[in-house]
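Just below is one structure, and these are the notes that go with it.
The values are calculated or read from the model by the stated rules, or taken from the named source; none is laboratory data. What you see is a predicted model; the values in this text were computed from it and never measured. All Cβ positions, even for glycine, are placed from backbone atoms using ideal geometry, and neighbour counts span all protein chains on display. Surface accessibility is based on the protein's heavy atoms, side chains included, excluding ligands, DNA and RNA. Shrake-Rupley method; radii C 1.70, N 1.55, O 1.52, S 1.80 Å.
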Amino acid sequence: MDFSIRTYSPDDLPQLVSFLNRNHEYDSFSDELLKEKLEGDPNWNAKNALICQDNGTIIGFMHVVARDIYGEKRGYIKLMAVEPSYRRRGVAS
């Protein structure tokens, strides 16, 4: 697999919104809503928003956050999606 993985950039927003709307059956995103979900998070860190591409097309996305919960740092996946034709091929591994 020759996919590339890189961190999110604000320039990705339009393509990422389109990608997430195709791959989240029960959720709908606008540019404003996704920007709020990502950059509006108090624990936002662009290093924790990863885009997987195949020939310049987004095929996977994962946003993780670390929060202080009851005095302990906890990390969790806040948002994730993989294009159906790329699932079970190691994109989100």
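Points to keep in mind about this one:
- Set side by side, the residues Lys73, Lys78 differ, and just one is in contact with a Lys or Arg (Cβ under 8 Å, 6 or more places away or on another chain) and open to solvent by 80 Å² or more (accessible area, probe 1.4 Å), which is Lys73.
- Selected residue (criterion: surrounded by the most Cβ atoms within 10 Å (Cβ to Cβ)) from residues of segment 37-51 that are charged (D, E, K, R) and out of contact with any Leu (no Cβ under 9 Å at 6 or more places or on another chain): Asp41
- Of the numbered criteria (1) surrounded by 13 or more Cβ atoms within 10 Å (Cβ to Cβ); (2) within 14 Å of the chain's Cα centre (by Cα), the one Asp54 fails is (2).
- Residues of segment 1-26 satisfying the condition of being surrounded by 12 or more Cβ atoms within 10 Å (Cβ to Cβ) and acidic (Asp, Glu): Asp12
- Cβ pairs under 7 Å, 6+ apart, first in segment 19-43 and under 13 Å from Met80 (Cα atoms), second polar (S, T, N, Q) and assigned to a loop (DSSP other than H, G, I, E, B): Asn21/Ser28
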